[in-house]
Amino acid sequence: MEGFHLLRVEPVGRGAGARFHLRDGGWVDSVIEEMDRPHRLVERGMGGYLNRVPNTMEWMLSEAGGDGCEVKVTFWTDPSRALDKLRDAKASERRLGKGLRKALERLREVAESGTPPERIEIAGADRI
């Protein structure tokens, strides 16, 4: 995942979203639609060619002994056009899975390091 951008000034709760680039999958927009704190989060959005392929990402968190937790991420797309289905098959499950594993590893490193993560800002946010 590269080129991460927030979609609104207050990126908290339902309606908060982001846009990011998957190397083999193009740009993806994702917005939080469902939250069952603290165990489940569902994002829905569009991605792929011309941002016309619906996608869903579900985050499930469960206790993993001690102070840790286990994170399970499921990502799927639902292309309706034949050309989009071909392009979606090219961005294979194996490659997307590898990318998600890398992203989750970076998230784990940030969470376990104890140092605050790099702040993501929106251009012009200080003026609002």
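Taking (1) in contact with an Asp or Glu (Cβ under 9 Å, 6 or more places away or on another chain); (2) modelled with pLDDT of 90 or more in turn, Phe20 satisfies each apart from (2).
For the range 35-51, the condition holds for at least one residue, the condition being that it is more than 24 Å from Glu112 (Cβ to Cβ), over 15 Å from the mean Cα position of the chain (by Cα), at pLDDT below 90 and aliphatic (A, V, I, L, M). Ser62 meets the stated requirement of being part of a strand (DSSP E or B) and over 15 Å from the mean Cα position of the chain (by Cα). Of the residues Lys102, Lys72, the single one that is farther than 17 Å from Leu7 by Cα and either assigned to a strand (DSSP E or B) or at pLDDT below 85 (or both) is Lys72.
Residues that are in contact (Cβ under 8 Å) with a residue 24 or more places away in the chain, on the phi < 0 side of the Ramachandran plot and acidic (Asp, Glu), at least 1 per element: which strands (runs of 3 or more DSSP E) completely within the range 7-48 meet that? Walk me through it before giving the result.
Working: elements: 17-22, 26-36, 40-47.
Qualifying strands (runs of 3 or more DSSP E): 40-47.
The values are calculated or read from the model by the stated rules, or taken from the named source; none is laboratory data. Please read these numbers as outputs of a predicted model, since none were measured by experiment. With ideal geometry, Cβ positions are generated from the backbone for all residues, glycine too; neighbour counts draw on all protein chains shown.
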